[in-house]
Amino acid sequence: MNYASLLTDVLNIADKASQRVLEIYKTDFEVEFKDDKSPLTAADIASHDIIEAGLRALTPDIPILSEESANAPWSERSNWTRFWLVDPIDGTKDFTKRSGEFTVNIALVENGEPVLGVVTAPALGDAYWGIKGEGAWKRDSSDQVRRIHVVAPPEQKRVVASKNHLNDETREFIESLGKHKLVQAGSSLKFCRIAEGEADIYPRIGPTCEWDTGAAHAVLNAAGGKVETLAGEPLLYGKEDVFNPNFVASGDWY
């Protein structure tokens, strides 16, 4: 498949969803809670609906796994060699706190690997995308587009960590890195900060799902970085259990 041929359409779908998300963000929206106590807003649903409709029109033969419709049984998903992986809003807690650090994520997964990813940050006006074998780019709030790439870390490593999930295990890992400073970021922007050379490593020792990471993983891979489990194996997608193992995202130095 020519992944690059899909990019313009996928980016347009993400931008359309982001525009609607931003409209809701500016209102006095209500917050509900799912069975697992995670927050849900009208923006999550609206973004899901726009992305699902757009992807079905673009590639009707490619199935979709989204956080807001993650009900396809394993007996069906086990036959998927290629699928869209969607998080309509990653960082709903950041959305409800109005921190601005939430994202819209769309990834194309093939044989367990994210090969195309689009990440938009509606409130910040930024967008990131990456394509396997092609590279990664950032579009800023002034619509300027530049190619991005990971960089060699400085002596004081810049560690990006979750403001909402900085547990003791993560702190211990960070301390083991030696001289460092923390770079705070929310949602999948943590991967993107490494991809654009603004951070060096992101350890995640705690629960995440495939849709939380797929799109930004594709961006980081395309920017020359990597995402590996604590055992040093590539983080894979399309598993029976949609929860990710603990992982480390970094440039190619780690």
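The values are calculated or read from the model by the stated rules, or taken from the named source; none is laboratory data. This is a predicted model, so every value here is computed, not measured. Cβ placement follows ideal geometry from the backbone for every residue including glycine, while neighbour counts extend to all protein chains displayed.
Please verify whether Ala161 is aliphatic (A, V, I, L, M), closer than 19 Å to Asp94 by Cβ, in contact with a Lys or Arg (Cβ under 8 Å, 6 or more places away or on another chain) and assigned to a helix (DSSP H, G or I), treating the condition exactly as stated. For Ala161, the condition - aliphatic (A, V, I, L, M), closer than 19 Å to Asp94 by Cβ, in contact with a Lys or Arg (Cβ under 8 Å, 6 or more places away or on another chain) and assigned to a helix (DSSP H, G or I) - is not met. Taken as a whole, the structure leaves Lys132 outside the set of residues that are touching an Asp or Glu at 6+ places or on another chain (Cβ under 8 Å) and in the same structural domain as Gly225 (by TED's automatic domain parsing).
Out of curiosity, is Thr81 surrounded by fewer than 15 Cβ atoms within 10 Å (Cβ to Cβ) and either under 15 Å from Ala121 (Cα atoms) or modelled with pLDDT of 95 or more (or both)? Reasoning before the result, please.
Values: surrounded by fewer than 15 Cβ atoms within 10 Å (Cβ to Cβ): yes; either under 15 Å from Ala121 (Cα atoms) or modelled with pLDDT of 95 or more (or both): yes.
In short, yes.
Gly197 falls short on exactly one of the conditions (1) assigned to a loop (DSSP other than H, G, I, E, B); (2) within 19 Å of Val115 (Cα to Cα); (3) of a type in the set (Gly, Ala, Ser), and that condition is (2). I'm trying to understand the selection: among the residues of the range 96-116, which are surrounded by fewer than 20 Cβ atoms within 10 Å (Cβ to Cβ) and either assigned to a strand (DSSP E or B) or in contact with a Lys or Arg (Cβ under 6 Å, 6 or more places away or on another chain) (or both)? Once the filter is applied, which keeps residues that are surrounded by fewer than 20 Cβ atoms within 10 Å (Cβ to Cβ) and either assigned to a strand (DSSP E or B) or in contact with a Lys or Arg (Cβ under 6 Å, 6 or more places away or on another chain) (or both), the range 96-116 yields Glu110, Glu113. Condition test on Glu30, is it under 20 Å from the mean Cα position of the chain (by Cα) and of a type in the set (Asp, Glu)? Here the answer is no, as Glu30 does not meet what is asked. Against the definition (among the aliphatic types (A, V, I, L, M), crowded, with 20+ Cβ neighbours inside 10 Å and within 26 Å of Lys93 (Cα to Cα)), how does Val119 come out, yes or no? Yes; evaluated as a whole, the condition is true for this residue.
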